[in-house]
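Asks: Dropping a structure here in structure tokens format, bear with me for questions.
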Amino acid sequence: MGLDFTAIDFETANSSNASACAVGLARVRDGRVVASEGWLIRPPAGHDRFFEINVGIHGIRESDVATAETWPEQLPRLLDFVGDDVLVAHNAGFDMRVLRSACEATGHVAPSARYVCSVHVARKTYDLPSYRLPFVAAAAGHLDFAHHDATADALACAQIVIDAAARAGAGDLVELAMLLGVRIPQIPQPVPASAA
């Protein structure tokens with residue numbers, strides 16, 4: 001098994017974790033990006049108001065997602081791209097909450113995917129004044145990308161982990177996590193009502 005994973009990045013319409021309005025994905029095989037994709041998402045009802053602060057960050061407006069697939073419509077495509085991969089995200093807690101919350105808001109079960117946070121990897125790999133994505137990506141040699149474009153962010157995140165693995169001499173994600181002392185948690189699954 002080589003350095004295989006899928007980097008993921010979400011943008012949200014507002015402060016609700018369920019308000020996913022864009023996703024970016026980058027598939028890595030043997031330490032190389034082999035595929036990337038991204039698309040707009042119409043956020044779930046009740047989570048679909050676009051706050052100006054969010055629009056100011058990513059530039060996506062309500063009119064941009066008017067004809068986009070809804071969360072349930074696009075979820076199979078997202079899950080098909082990810083497959084059984086470990087997910088990697090910059091500030092992974094946020095992206096995993098978005099994935100889980102959007103699924104909960106639409107009555108779907110989130111995948112029980114394992115994940116790695118590239119911020120944690122970066123803190124163990126680079127000595128930087130800031131661990132925001134543009135700074136870490138630059139340290140990894142990935143310059144001049146469109147920050148807050150979901151696909152560009154996923155690609156930057158992928159490059160960070162690829163570079164960190166090369167620096168650590170890690171052959172795969174599990175070895176990288178072990179060498180750096182980084183956890184690989186799993187997205188928690190809801191407890192059935194009968195078990196509560």
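The values are calculated or read from the model by the stated rules, or taken from the named source; none is laboratory data. Note that this is a predicted model, so its numbers are computed, not measured. Positions of Cβ are backbone-derived with ideal geometry, glycine not excepted, and every protein chain shown enters the neighbour counts. Ligands, DNA and RNA are stripped out before the accessible areas are found, and what is left, the full protein with its side chains, is counted by its heavy atoms. Shrake-Rupley method; radii C 1.70, N 1.55, O 1.52, S 1.80 Å.
Asks: Mind giving me the FRET efficiency for Leu128 and Arg49? R0 is 30 Å, r the Cβ-Cβ distance, nearest 0.05 is fine.
Replies: Efficiency, from the Cβ-Cβ distance: 0.30.
Asks: Sticking with this structure for a sec: Between Phe135 and Ala35, what's the calculated FRET efficiency when r is the beta-carbon distance and R0 is 25 Å? Round to 0.05.
Replies: Efficiency computed from Cβ-Cβ geometry: 0.45.
Asks: Let me ask you something else. Below 8 Å, C-alpha to C-alpha, sequence gap of six or more: please give me the relative contact order for the chain in percent. Mind dumping the intermediate values first?
Replies: Working: 381 pairs, mean separation 50.1, N = 196.
Result for the chain is 26 percent.
Asks: Select one label from (1) 8, 31, 36, 18, 6, 1, 0; (2) 9, 37, 35, 16, 2, 0; (3) 8, 25, 25, 18, 14, 9, 1: the one whose number is P(r) over Cα pairs in 10 Å bins from 0, in percent as derived from the coordinates shown.
Replies: The value computed from this structure is option (2).
Asks: With all protein chains present and a 1.4 Å probe, how do Ser112, Ser19 order by accessible area, largest first? Could you put the intermediate results ahead of the total?
Replies: Numbers: Ser112 60, Ser19 0 Å².
Descending order: Ser112, Ser19.
Asks: For Asp80 paired with Phe94, estimate the spin-label separation in nm (one decimal), with each label point 7 Å from Cα along the Cα-to-Cβ line.
Replies: Placing both labels 7 Å along Cα→Cβ, they lie 2.9 nm apart.
Asks: Quick one: which of 154-161, 82-89, 47-54 comes out on top by average Cβ neighbours within 10 Å, and what's the full order, highest first? Don't skip to the answer; put the middle values down first.
Replies: Numbers: 154-161: 27.1, 82-89: 18.8, 47-54: 15.2.
With the highest mean Cβ count within 10 Å placed first, the list reads 154-161, 82-89, 47-54.
Asks: Take peptides 118-126, 142-150, 56-64 and line them up by average Cβ neighbours within 10 Å, highest first, as a rough protection proxy.
Replies: 118-126, 142-150, 56-64
Asks: Given a cut-off of under 8 Å on Cα pairs at least six residues apart, what relative contact order in percent is computed for segment 68-179?
Replies: 21 percent.
Asks: FRET efficiency for Glu175 and Ser63, Cβ-Cβ distance as r, R0 = 35 Å, nearest 0.05? Provide the component values of the computation, followed by the final result.
Replies: Details: r = 46 Å, r/R0 = 1.31.
Step by step, r from the Cβ atoms, then E = 0.15.
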